[in-house]
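The values are calculated or read from the model by the stated rules, or taken from the named source; none is laboratory data. Bear in mind the structure is a predicted one, so any value in this text is a computation, not a measurement. Cβ atoms come from the backbone with ideal geometry, glycine included; neighbour counts cover every protein chain shown.
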Amino acid sequence: MPAQHLFKALADPTRREILRLLRDGSLPAGDIAEHFPITRASLSHHFNLLKQAELVRPARRGQHIVYSLHTRVEAYIEGRAHAAAGESDGYSGRLTAAIMGPALAAGSLLLMWLIPVISPRGFRTDSFQSVVNVIQVVLVAFMVGMGGIILAAGFGHELSVGTIVPIATGLLFIVLGNYMGKIRKNFFIGIRTPWTLASDEVWALPHRFGGYLFVIAGALLMVTPLIGLGIEVVVGASLFAGLGPVVYSFIAYRRIEGFGPDEDTLEEVPHD
């Protein structure tokens, strides 16, 4: 099931209210219609979107169409009921959601603070510390923002998560992509492969290439909820943005440095 179908189905308050009504059991379409001051055609449209997202199941009983929650939705509701009774349901609680964002942000801040301190000579971040600072601010803001969205949704606030998350993630990718080409050789930030760390020239090329890929992937993420791109396109673009520079670093090293023996290990051939 494409994720955009689920996000679209849950984005409308009428469809969420239909799901709430069905929590107590199956209902005929006519009984559901009595709860909404809308036309039968509009209600049928809502039903179709809920079916497309695999949230409800229709069944004909005589002259009536009866709707019920999909099996996995019922399993989720049952799990939440167990959670309310203090039993484990496999989902994190509101306290965990509240702590997650700030904890990740604090961890990122600590790591960014340690990097200049523990970096060895020749791989220090002093020459591009301003870039490190920008990356730090962007990552922390993103994690805090995502934590806030998760917490707000957990407390029942109506947020279009299916729109906000892809757009925010896409913006993160675009910002990182614009700064990727300014990252200098180090052990902690950037595309750190054996081939980029072995050559300053090889280090630069994949980072410029990766910057372009990150911007493209970010743009795709941002337009996904607006034009209905499949989640497969987004995942593919993200994987290509992450793996493309790694592959390119190998190609660049083979072209620039080569894989012959080190010069200092070549033995001089004795003359007769």
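The table below lists the values:
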quantity	calculated
Candidates SER92, SER108, filtered to the one that is in contact with a helix residue (DSSP H, G or I) (Cβ under 8 Å, 6 or more places away or on another chain), among the hydroxyl-bearing types (Ser, Thr, Tyr), closer than 20 Å to ALA152 by Cα and at pLDDT below 85	SER92
Selection within the range 50-66 - closer than 16 Å to ARG16 by Cβ and not in a helix (DSSP H, G or I)	ALA53, GLU54, LEU55, VAL56
Residue identified as without any contact (Cβ under 8 Å) to a residue 24 or more places away in the chain, in the same structural domain as PHE250 (by TED's automatic domain parsing) and farther than 27 Å from ILE251 by Cα among VAL161, VAL165, VAL144, VAL140	VAL165
Contacts under 7 angstrom Cβ, first residue in the range 170-193 being touching a residue at least 40 places away in the same chain (Cβ under 8 Å) and farther than 18 Å from SER238 by Cα, partner among the small types (Gly, Ala, Ser) and not in a loop (DSSP other than H, G, I, E, B), 6 or more apart	ARG184/SER127; THR193/SER249
Residue that is surrounded by the most Cβ atoms within 10 Å (Cβ to Cβ) [pool: residues in the range 19-49 that are in contact (Cβ under 8 Å) with a residue 40 or more places away in the chain and not in a loop (DSSP other than H, G, I, E, B)]	LEU22
Residues of the range 33-51 classified as polar (S, T, N, Q) and in contact with a strand residue (DSSP E or B) (Cβ under 8 Å, 6 or more places away or on another chain), total	0
